[in-house]
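**Q** Dropping a structure here in structure tokens format, bear with me for questions.
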Amino acid sequence: MMDAMEFRDKVVVVLAAGCTEGRDLARMAARAGARVVVVDHDERQVNAIAALAPDRIEALRLDLFKPAQCRAFYEVWADEPLDLLIQCHPLRAPHRLGAAVQAMSAMAKGLAGGLARGRGRVVMLHSAVEAGQEAGDKALTQALEVLPGVMQAEPWAKALWVTGLRLPGNGAAPMGLRQALCAVMARDGAFAPGHVLPLAPDAVDAGRGGVKPARDE
């Protein structure tokens, strides 16, 4: 199970939660004692995630690629403490990587005030470059690699801790996703902010997407 000391009574928001990783991380954070808000354009998906732990997970339907809807969301959160923001846009919409780069940066900036009042962690998930990927998508994946450092250097991110997590490509399950997230949340975390942490493929679950809750919890 996730480290309950790091997650108990913390507020966690999972954006683009309708992917396997978003669902599983929301469930694990809730089971570790966090209050979780899952956000996605698919109402059915977020309601299904909330049903996994209805006392801990709240569902919100929102199109994260529509700036007006995003502004309304982070204006509501302007003064609310937020401990962890998990952004899964590139996994949820791999065909819209350019839009994902813009949306994740804008949302983190919009929620910076609430994040500064909480633990202030921002985690962005993306997949590694895959063989055969078109040149444009490779360039956008490289943009995701440098995004945490670029964001960390922004004045509004001074009080925040921005980290990227690179998942293995080709749909392989990532090894150590839960551990990486716990390390990011720890007050004395060993990882420097503004960097991307690579996650190796899970040899046991090679070829499967997502986290395996039975082992990670």
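**Q** Any residue at all in the stretch 170-187 that's part of a loop (DSSP other than H, G, I, E, B), on the phi > 0 side of the Ramachandran plot and free of Cβ contacts under 8 Å to residues at least 40 places away in the same chain?
**A** Within the stretch 170-187, one or more residues are part of a loop (DSSP other than H, G, I, E, B), on the phi > 0 side of the Ramachandran plot and free of Cβ contacts under 8 Å to residues at least 40 places away in the same chain.
**Q** Give me the residue from the stretch 89-110 that is closer than 19 Å to residue 184 by Cα and in contact with a strand residue (DSSP E or B) (Cβ under 6 Å, 6 or more places away or on another chain) and, out of that set, surrounded by the most Cβ atoms within 10 Å (Cβ to Cβ).
**A** Across the stretch 89-110, the extreme among qualifying residues is 104.
**Q** I've got another one for you. Here is a list: 29, 50. Which entry is of a type in the set (Gly, Ala, Ser), surrounded by 17 or more Cβ atoms within 10 Å (Cβ to Cβ) and within 17 Å of residue 115 (Cβ to Cβ)?
**A** 29
**Q** Out of (1) open to solvent by less than 10 Å² (accessible area, probe 1.4 Å); (2) closer than 30 Å to residue 138 by Cβ, what's the single condition that is false for residue 82?
**A** Going through the list (1) open to solvent by less than 10 Å² (accessible area, probe 1.4 Å); (2) closer than 30 Å to residue 138 by Cβ, residue 82 breaks only (2).
**Q** For residue 71, which of the numbered conditions (1) surrounded by 15 or more Cβ atoms within 10 Å (Cβ to Cβ); (2) in contact with a helix residue (DSSP H, G or I) (Cβ under 8 Å, 6 or more places away or on another chain) fails to hold?
**A** (1) is the only condition that residue 71 fails.
**Q** Let me ask something additional. Could you please give the count of residues in the stretch 102-143 that are more than 13 Å from the chain's Cα centre (by Cα) and assigned to a helix (DSSP H, G or I)?
**A** 19
**Q** Can you tell me which residue in the stretch 157-198 is farthest from residue 13 (Cα to Cα), limited to those that are of a type in the set (S, T, N, Q) and open to solvent by 10 Å² or more (accessible area, probe 1.4 Å)? So that I can check it myself, show each step before the final result.
**A** Within the stretch 157-198, the subset of a type in the set (S, T, N, Q) is 163, 170, 179.
Then drop every residue that is not open to solvent by 10 Å² or more (accessible area, probe 1.4 Å), which leaves 170, 179.
On the way: 170: 27, 179: 18 Å.
Among those residues, the one meeting the criterion is 170.
**Q** State which residue is surrounded by the most Cβ atoms within 10 Å (Cβ to Cβ) when the search covers only the stretch 199-216 and only residues that are part of a loop (DSSP other than H, G, I, E, B) and modelled with pLDDT of 80 or more.
**A** Filtering first and then ranking leaves 199.
**Q** So, one more: Mind listing whichever residues of the stretch 6-21 are at negative phi, in a loop (DSSP other than H, G, I, E, B) and either of a type in the set (Phe, Trp, Tyr) or touching a helix residue (DSSP H, G or I) at 6+ places or on another chain (Cβ under 7 Å) (or both)?
**A** Hits for the stretch 6-21 are 17, 18, 19.
The values are calculated or read from the model by the stated rules, or taken from the named source; none is laboratory data. Note that this is a predicted model, so its numbers are computed, not measured. Because the Cβ atoms are built from the backbone with ideal geometry, glycine has one as well, and the counts that use them run over all protein chains shown. Only protein heavy atoms, including side chains, enter the accessible area calculation; ligands, DNA and RNA are left aside. Shrake-Rupley method; radii C 1.70, N 1.55, O 1.52, S 1.80 Å.
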